[in-house]
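In what follows, a structure is listed as structure tokens, so that the remarks can point back to it.
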Amino acid sequence: MQNFNINNFQGVLGNVEAGASVTQTNTQQVMAADFPSLVQHLASRGVSEVDLCELQLAVQEDPQPRSIDHLGPKVSAWMSNMLMKAASGTWNIGIAAAGGFLAEALGKYYGIV
């Protein structure tokens with residue numbers, strides 16, 4: 001997330017002067033069976049390119065899961081590795097948030113959430 005301070009803005013929003021605020025939200029969606037959308041979503045939360053390449057191999061080699069509770073062995077190992085990175089601080093996300101974030105993203109990719 002980045003914050004930008006603009007002291008005077010004129011345009012389609014009308015005049016936004018000092019002391020006023022504008023909020024903009026960017027929602028990234030993971031589409032079922034669309035690996036590039038999964039990559040973009042994970043990268044936006046600081047997942048490294050190396051980790052994304054490892055995930056791509058794991059997804060290709062594992063069978064399609066039937067539920068988020070039964071991911072393939074390679075994707076499960078990848079997810080465990082990412083949770084260890086969150087716990088140790090090498091991935092800049094809290095351990096409590098990491099599990100839910102990864103499960104939701106992978107579930108959307110697999111079309112099971």
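The values are calculated or read from the model by the stated rules, or taken from the named source; none is laboratory data. On a predicted model such as this, the values are computed, not experimentally measured, just so you know. Cβ placement follows ideal geometry from the backbone for every residue including glycine, while neighbour counts extend to all protein chains displayed.
The residue pairs whose first member lies in region 43-66 and is in contact (Cβ under 8 Å) with a residue 24 or more places away in the chain, whose second member is surrounded by fewer than 12 Cβ atoms within 10 Å (Cβ to Cβ), and whose beta carbons are closer than 8 Å, counting only pairs six or more residues apart or on different chains, are 46/92. Being touching a helix residue (DSSP H, G or I) at 6+ places or on another chain (Cβ under 8 Å) and either hydrophobic (A, V, I, L, M, F, W, C) or touching a residue at least 40 places away in the same chain (Cβ under 8 Å) (or both) narrows it down to one residue among 31, 84; which is it? Being touching a helix residue (DSSP H, G or I) at 6+ places or on another chain (Cβ under 8 Å) and either hydrophobic (A, V, I, L, M, F, W, C) or touching a residue at least 40 places away in the same chain (Cβ under 8 Å) (or both) holds for just one of 31, 84, which is 31. Restricting attention to region 46-96, the residues being of a type in the set (A, V, I, L, M), at pLDDT below 95 and in contact with a Lys or Arg (Cβ under 9 Å, 6 or more places away or on another chain) number 1.
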